[in-house]
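Enquirer: Right, I'll just put the structure down here and ask away after.
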Amino acid sequence: MTALTAQNPNFHNAPASAKELKNPYEGQRLASAKPLYHLRCARCHGENGEGSGNIPALAGGRAQSASDGELFWYVTKGDVNNGMPSWSTLPRQQRWQIVTYLRVLGGSKPGSPRVRTTPAEAVAAGFSAPPPKAPFTDYRFEKPGKIRKITLQDLPAPFATSSAGNGPQLVPRPEKAWPQVPVGFKVEQYATGLNDPRLIRTAPNGDFFVAESHTGDIRVFRGVTAEGKPEQAEIFAEGLNRPFGINFYPPGPDPQWIYVGNTDSVVRFPYQNGDLKARGPAEHIADVPGGDGHWTRDIQFTPDGKKMFVSVGSASNVDDPDTTPAEKNRADILEFNPDGTEMRVYAYGIRNAVGLAISPTTGELWCSVNERDALGDNLVPDYITHVQESGFYGWPWWYMGGHQDPRHKGKHPELKNKVITPDVILHPHNASLEMTFYNGKQFPAEYQG
């Protein structure tokens, strides 16, 4: 079993000089700051800085671990490739006021700046928290091989709890901290020094293709040395737009193309088994909805190679597609011919199907879904499920079990009985990404399929 790791300690690669910038409003509660945040930031990051899907939270996590100067630098500079506009045209005082309000959002009480904790204090706080009520859990009680089953009957009412925004605080990896695995398995570091590696796909010849979404690169790794490192590593293609999904076409042992899901398009490169560099430039196959919100686009083909599936996550947490043009053809799985023609919606109401897979035994399409936020800590469960053609999975008006999202009360009653309950209900906010159907020979029989 292999692991790909990368970690950049700087906040969005901010220069060292940014940390030295001084906030003229540090520690203040400014009447003008909240309206500025509402106008410029809340649409994407939420009124309380809770974030949404792949839009990061601002009330916790990296934003609260960064210095005021780094935040000011990032607000000023922006990151268009990752959906963050530059606000350099705002007056300097307004940018500082927005930074100051972020500290209010991250404070332990209204109006107080967030106080950073040491790694030891963070660990102590986590372990001293009350245990969750079964079948819900947290990292303290998760162990490899331990099984929990969540059913519709376990779901609480909306807003039974507040919605936590406890994003991680970036610290150096503690000594001996390493992924835990079942007995008989082992995790070793295969490659490092990568920049935002988001997806691994194995080619028919055994090469590992990796999407580095931040840099726009597709890397390929071959083989394993006696030391557990790659025998060869190359950049297969570069200059892509937040690439994520990777797949080989036609299905089978002798593909002729590699398809890549950019955030706003599907492209392909000519390919033969063993290629470490693309044989030619990217060929545009189809446009897909881009823009704000969930940006990953995964790709799968039917076993007969006649159709291509592309997952497109929502632009928001729970915006109504009826009144939000940005949600058109989003929160869907789209179907195309492999040449990009004859697009249609294959299944809908799927908030963010990050990962797609085809069952090798049934040929069915499966997906791994990140559900909505801000209904409470234990709503709505994420899930993994096979995908029914023309199936409706609830978002944003309903969710599993025929429950209506109270933020859309009274809307689309005709859809209540069409909501499909997924096959595997996961812990809410688990944020599962990919899945793999195992058909190798190395693992025990119970891992097959």
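The values are calculated or read from the model by the stated rules, or taken from the named source; none is laboratory data. Model, not experiment: these values are computed from the prediction. Backbone-built Cβ (ideal geometry, glycine too); neighbour counts: all protein chains shown.
Enquirer: Considering G340, G401, which residue is in a loop (DSSP other than H, G, I, E, B) and under 25 Å from Q300 (Cα atoms)?
Expert: Going through G340, G401 in turn, just one is in a loop (DSSP other than H, G, I, E, B) and under 25 Å from Q300 (Cα atoms): G340.
Enquirer: Given the criterion part of a loop (DSSP other than H, G, I, E, B) and at pLDDT 85 or above, identify the matching residue among Y25, Y37.
Expert: Among Y25, Y37, only Y25 is part of a loop (DSSP other than H, G, I, E, B) and at pLDDT 85 or above.
Enquirer: So the check is Cβ under 6 Å with 6+ separation or different chains; which pairs have a first residue in region 316-332 that's in the same structural domain as H412 (by TED's automatic domain parsing) and a second one that's hydrophobic (A, V, I, L, M, F, W, C)?
Expert: Here the result reads A326/A315; E327/A315; R330/V312; R330/A315; A331/I350; A331/W395; D332/V312; D332/V345, each pair linking region 316-332 to a residue that is hydrophobic (A, V, I, L, M, F, W, C).
Enquirer: Is it true that some residue in region 363-375 is part of a strand (DSSP E or B), under 18 Å from N262 (Cα atoms), at pLDDT 95 or above and touching a Phe, Trp or Tyr at 6+ places or on another chain (Cβ under 8 Å)? Explain how you work it out, then say what you get.
Expert: The first filter runs over region 363-375 and keeps only residues part of a strand (DSSP E or B), leaving 365-369.
Remaining after also requiring under 18 Å from N262 (Cα atoms): none.
No: region 363-375 contains no residue that is part of a strand (DSSP E or B), under 18 Å from N262 (Cα atoms), at pLDDT 95 or above and touching a Phe, Trp or Tyr at 6+ places or on another chain (Cβ under 8 Å).
Enquirer: Another question, if that's okay. Hey, can you tell me all the residues within region 260-275 that are without any contact (Cβ under 8 Å) to a residue 60 or more places away in the chain and closer than 16 Å to V220 by Cβ? Spell out how you get there, then give the answer.
Expert: So in region 260-275, the residues without any contact (Cβ under 8 Å) to a residue 60 or more places away in the chain come out as 260-265, 267-272, 275.
Across region 260-275, the qualifying residues are V260, R268, F269, P270, Y271, Q272, D275.
Enquirer: Out of the residues in region 3-18 meeting the condition of being among the polar types (S, T, N, Q) and part of a loop (DSSP other than H, G, I, E, B), tell me which one is modelled with the lowest pLDDT.
Expert: So in region 3-18, the residues among the polar types (S, T, N, Q) come out as 5, 7-8, 10, 13, 17.
With part of a loop (DSSP other than H, G, I, E, B) added as a condition, the list becomes 5, 7-8, 10.
Details: T5: 35, Q7: 39, N8: 41, N10: 67.
My answer is T5.
Enquirer: Could you check region 222-246 and list, in sequence order, the residues that are in a loop (DSSP other than H, G, I, E, B) and polar (S, T, N, Q)?
Expert: T225, N241
Per-residue answers, yes or no, for (1) farther than 23 Å from G51 by Cα; (2) modelled with pLDDT under 90:
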{"residue": "P168", "(1), (2)": "no, yes"}
{"residue": "P174", "(1), (2)": "yes, yes"}
{"residue": "W178", "(1), (2)": "yes, no"}
{"residue": "Q189", "(1), (2)": "yes, no"}
{"residue": "I200", "(1), (2)": "yes, no"}
{"residue": "N205", "(1), (2)": "yes, no"}
{"residue": "F208", "(1), (2)": "yes, no"}
{"residue": "T225", "(1), (2)": "yes, no"}
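Enquirer: Which condition from (1) in a strand (DSSP E or B); (2) basic (K, R); (3) over 22 Å from the mean Cα position of the chain (by Cα) is the one that R219 breaks?
Expert: R219 satisfies every listed condition except (3).
Enquirer: Is it the case, given these coordinates, that G291 is on the phi > 0 side of the Ramachandran plot and at pLDDT below 95? Step through it out loud before you land on a result.
Expert: Values: on the phi > 0 side of the Ramachandran plot: yes; at pLDDT below 95: yes.
Yes; evaluated as a whole, the condition is true for this residue.
Enquirer: Right, another one. Given the structure, is S390 at pLDDT 95 or above, more than 16 Å from D423 (Cβ to Cβ) and over 19 Å from the mean Cα position of the chain (by Cα)?
Expert: Criteria met by S390.
Enquirer: Suppose we filter region 247-267 for residues that are surrounded by fewer than 22 Cβ atoms within 10 Å (Cβ to Cβ) and either assigned to a strand (DSSP E or B) or acidic (D, E) (or both); how many remain?
Expert: 6
Enquirer: Taking A63 and the conditions (1) under 22 Å from D373 (Cα atoms); (2) not in a helix (DSSP H, G or I), which numbered condition does it fall short on, given that it satisfies the others?
Expert: Answer for A63: the failing condition is (2).
Enquirer: Which one is farthest from D332 (Cα to Cα), of the residues in region 376-386 that are among the aliphatic types (A, V, I, L, M) and outside any strand (DSSP E or B)? Steps first, please.
Expert: The first filter runs over region 376-386 and keeps only residues among the aliphatic types (A, V, I, L, M), leaving 379-380, 384.
In the following step, the residues that additionally are outside any strand (DSSP E or B) were identified as 379-380.
Working: L379: 21, V380: 18 Å.
Within region 376-386, the match that is farthest from D332 (Cα to Cα) is L379.
Enquirer: Continuing with the same structure: Quick one: which of N273, N247, N262 is under 26 Å from F443 (Cβ atoms) and out of contact with any strand residue (DSSP E or B) (no Cβ under 7 Å at 6 or more places or on another chain)? Steps first, answer last, please.
Expert: Working: N247 fails: out of contact with any strand residue (DSSP E or B) (no Cβ under 7 Å at 6 or more places or on another chain); N262 fails: under 26 Å from F443 (Cβ atoms).
Every option except N273 fails the conditions.
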